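A.B. asks: Can you keep this structure in mind? I'll have questions shortly.
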């Protein structure tokens, strides 16, 4: 005889799935934000070295006057706020593991947007990261369901 599903358990799994989806969304958004920041640096370089590293107002001014860098940091900030919800809904390890998919997105954005070379060793690393995220997430969900 099939077991009836526990509404509390079902709600928890829906929350867990929602948290994973939010973490995935944040991963995509962070990658796009980083691409904007890189584009902004390429378009209008921000100059600083170790000596000027302590010139925080000067660096902040350069960031505030570069619209692409400013937009990129703003989007990354919004993503960080959204990620708080993913942390609330999922296990810490799961949400942070899914967030690491941004390495995969950044690899492809680098090729598509900045003409970076496709390297098989980097692609192999991306495949390993993606596989690890899938295995980790599926295993965590099985443990949540009691399998």
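A.B. asks: Residues that are within 17 Å of the chain's Cα centre (by Cα) and closer than 28 Å to residue 122 by Cα: find the helices (runs of 4 or more DSSP H) completely inside region 26-102 holding 2 or more of those. So that I can check it myself, show each step before the final result.
C.D. replies: Details: elements: 56-64, 67-89, 92-99.
Counting at least 2 such residues, we get 67-89, 92-99.
A.B. asks: While we're on this one: What do you reckon, is residue 146 farther than 18 Å from residue 37 by Cβ, over 19 Å from the mean Cα position of the chain (by Cα) and either modelled with pLDDT under 90 or surrounded by 16 or more Cβ atoms within 10 Å (Cβ to Cβ) (or both)?
C.D. replies: Values: farther than 18 Å from residue 37 by Cβ: yes; over 19 Å from the mean Cα position of the chain (by Cα): yes; either modelled with pLDDT under 90 or surrounded by 16 or more Cβ atoms within 10 Å (Cβ to Cβ) (or both): yes.
Yes.
A.B. asks: Please identify the pairs in which a residue from region 81-97 that is over 11 Å from residue 19 (Cβ atoms) has its Cβ atom under 6 Å from the Cβ atom of a residue that is at pLDDT below 90 and surrounded by 15 or more Cβ atoms within 10 Å (Cβ to Cβ), counting only partners at least 6 apart or on another chain.
C.D. replies: Close Cβ pairs (under 6 Å, with a partner that is at pLDDT below 90 and surrounded by 15 or more Cβ atoms within 10 Å (Cβ to Cβ)) amount to 97/133; 97/136.
A.B. asks: From (1) more than 21 Å from the chain's Cα centre (by Cα); (2) over 20 Å from residue 34 (Cβ atoms); (3) at pLDDT below 90, pick out the condition that doesn't hold for residue 120.
C.D. replies: Only one criterion in (1) more than 21 Å from the chain's Cα centre (by Cα); (2) over 20 Å from residue 34 (Cβ atoms); (3) at pLDDT below 90 is unmet by residue 120, namely (3).
A.B. asks: Would you mind stating whether residue 118 is loosely packed, with under 15 Cβ neighbours inside 10 Å, without any contact (Cβ under 8 Å) to a residue 24 or more places away in the chain and not in a helix (DSSP H, G or I)?
C.D. replies: Details: loosely packed, with under 15 Cβ neighbours inside 10 Å: yes; without any contact (Cβ under 8 Å) to a residue 24 or more places away in the chain: yes; not in a helix (DSSP H, G or I): yes.
Yes: the conditions hold for residue 118.
A.B. asks: Determine whether residue 127 is modelled with pLDDT of 90 or more, in a helix (DSSP H, G or I) and under 20 Å from residue 21 (Cβ atoms).
C.D. replies: Working: modelled with pLDDT of 90 or more: yes; in a helix (DSSP H, G or I): yes; under 20 Å from residue 21 (Cβ atoms): no.
Here the answer is no, as residue 127 does not meet what is asked.
The values are calculated or read from the model by the stated rules, or taken from the named source; none is laboratory data. These numbers come from a predicted model, not from an experiment. Ideal geometry is used to build each Cβ from the backbone, glycine not excepted, and the neighbour counts take in all protein chains shown.
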